[in-house]
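Note sheet for the following structure.
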Amino acid sequence: MKRIVLLPNVQRDAGLACTLRAKAMLEEAGHGVVISPVYGSVPGVPEMPLSEALEGAELLVTLGGDGTILHLAPLVMAKRVPLVGVNLGHKGFLTELDEGSIDRLLDAAEGRFELVPRMMLDVEILRGGRKIFSDTALNEALISGIVQNVRLTALGDGERILTFSGDGIIVSSPTGSTAYSMSAGGPLVEPSAENIILTPICAHMLAARSFVLTSERVVEVCPQELEDKRCILSVDGRGMTDLQNGDCVVVRKSEHKLLLAHLGTKSFYETAFEKLGERE
């Protein structure tokens, strides 16, 4: 029996109504289903810890929004299990379905989907040559000042790309190109591509533009002249880590990829224009 893990965001799925409907539908079709809630639990609903639920899982289903997938991506990436998202949030760039098309989960459960690997980014902070922080991003690593602008140098394989003062810089994957990077003026990159994108934020420099780099490049971003200014690193919005003068944020392509199940509902272009409200 195939094990399907439902991963609901309890803040988006009130009382897990959508989750329980999906569970009943999948079980009626003969599939084994377990529930492992994200961000809390719901009394009276049997659930399983994520680490236990992932053992033997053949399909993961998130019920929430893009934030739910971003939260789960580094926790499930090593298992190499296909993931399909049901959007109960806002934009839903990463989710394949919405509540009205939840019956398409039966197609996913039967393996009727295209497997789409999404490149991820390993992010580290080096301080005095020692690693003090590490995480993995599906979207981006953000290095930014708080309230005040900061001076940053970005390097690729040790060669300086640009030095500027501004609000910060975004180091994103192709998946993250439709997120903060796009809002800061960065390019849209097809999510199946493999690139690292550097996008300065409000740079005090006429020539500051986005750079689309090969995925093999090792990027370093180093804050300078901080004095009493605060500069932070945030990885996919998961909290903030303070940076110091002399620190280096190192970003490289991860050996892990998130495996998304594409059911052929919409193309990347259709999704981008629909979510951005730019096409009739």
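Computed values, structure above
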quantity: 19 Å Cα-Cα reach of Lys79 towards lysines, excluding residues that sit fewer than 8 places from it in its own chain; calculated: Lys2, Lys253, Lys257
quantity: Cross-link reach list, aspartates and glutamates versus Lys91, counting only Cα pairs under 14 Å and skipping chain neighbours closer than eight places; calculated: Asp66, Glu99, Glu270, Glu274, Glu278
quantity: Using θ = phi - 60° and Karplus 6.51 cos²θ - 1.76 cosθ + 1.60, couplings along segment 174-189 (whole Hz; Gly, Pro as x); calculated: x, 4, x, 5, 8, 9, 4, 4, 5, 4, 8, x, x, x, 8, 10
quantity: Segment 51-113: C-alpha pair distances exceeding 20 Å, %; calculated: 25
quantity: Accessible area in square angstrom per residue, the chain, 1.4 angstrom probe; calculated: 46
quantity: Carbon + sulfur, % of accessible area of segment 153-280 - ligands and nucleic acids excluded, 1.4 Å; calculated: 47
quantity: Accessible-area composition of segment 1-146, carbon plus sulfur, in percent [1.4 Å probe]; calculated: 50
quantity: Within-9-Å neighbourhood charge of Gly64 [Cβ basis; K, R +1; D, E -1]; calculated: -1
quantity: Loop sites in segment 1-99: trypsin sites (Lys or Arg not before Pro), DSSP, at most 12 other Cβ within 10 Å; calculated: Arg80
quantity: Reported label for calculated mean projected area of the Cα convex hull in nm² given [x] 18.5; [y] 15.8; [z] 22.9; calculated: [y]
quantity: Square roots of five times the Cα gyration tensor eigenvalues for segment 1-151, Å; calculated: 31, 17, 15
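The values are calculated or read from the model by the stated rules, or taken from the named source; none is laboratory data. What you see is a predicted model, and the numbers here were worked out from it, not measured in a lab. Glycine also receives a Cβ, built like all others from the backbone with ideal geometry; neighbour counts cover every protein chain displayed. SASA here: full protein model, heavy atoms, side chains in, ligands and nucleic acids out. Shrake-Rupley method; radii C 1.70, N 1.55, O 1.52, S 1.80 Å.
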